[in-house]
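Here the structure is laid out as structure tokens; the discussion comes afterwards.
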Amino acid sequence: MASAKMVPLVFTEQFDATRAFYLEQLGATTVMEDPNNYLQVRFGTHEDRPELAFCPPLPPESPLGAQPAFSEGLLVSIPVDDADAHRKDLIERGLDVAEPTDKPWGWRSFLLRDPTGVTLDFYHVIADDAAQDAAS
């Protein structure tokens, strides 16, 4: 049976920088890779974890003819065990990440932008009473 997982594909002219960012700086797991044409990463080792894919722009004659269509506008939420601990780890890896905040919908999260312009929202679920406090 085929997987029902949705894997967003981001076309980018920053393919090499994006590969280095996800694999070396974020420590994402490689799911599939063609070193010059395609990279699919997973946030964690279990198959049920979120995934993203990247590839360089396709030539205009390809069936998709896809070119990078944005530099901002896509936000991907990625669950982690502890957003504060994950943020600390990324800072130790040399990344500049935003301060974590508690969201009214029950998440504690922080944002990080990748080389393509995709915003990554690393979060963990907080107690309902903490979420209500953040809303007020």
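The values are calculated or read from the model by the stated rules, or taken from the named source; none is laboratory data. On a predicted model such as this, the values are computed, not experimentally measured, just so you know. Counting neighbours? That spans all protein chains shown, and the Cβs are built from the backbone with ideal geometry, glycine included. Each accessible area value is taken on the protein alone, full model and side chains, heavy atoms only, with ligands, DNA and RNA left out. Shrake-Rupley method; radii C 1.70, N 1.55, O 1.52, S 1.80 Å.
Some observations on this one:
- Failed item in (1) small (Gly, Ala, Ser); (2) at pLDDT 90 or above; (3) closer than 20 Å to ASP16 by Cβ; (4) more than 15 Å from the chain's Cα centre (by Cα), with ALA66 passing the rest: (2)
- All strands (runs of 3 or more DSSP E) inside segment 13-61 with 1 or more residues being among the acidic types (Asp, Glu) and farther than 17 Å from LEU120 by Cβ: 29-34
- Taking the criterion of being at pLDDT below 95, of a type in the set (A, V, I, L, M) and open to solvent by 30 Å² or more (accessible area, probe 1.4 Å), the only residue of segment 112-129 that qualifies is ALA127.
Yes/no per residue for (1) modelled with pLDDT of 95 or more; (2) within 13 Å of the chain's Cα centre (by Cα); (3) surrounded by 15 or more Cβ atoms within 10 Å (Cβ to Cβ):
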position: ALA2; (1), (2), (3): no, no, no
position: LYS5; (1), (2), (3): no, no, no
position: PRO8; (1), (2), (3): no, yes, no
position: THR12; (1), (2), (3): no, no, yes
position: ASN36; (1), (2), (3): no, no, no
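- Residues in segment 88-101 that are outside any loop (DSSP other than H, G, I, E, B), closer than 15 Å to ASP114 by Cα and open to solvent by 40 Å² or more (accessible area, probe 1.4 Å): ILE91 only.
- In the set (1) open to solvent by 50 Å² or more (accessible area, probe 1.4 Å); (2) at pLDDT 90 or above, THR29 fails one condition alone, (1).
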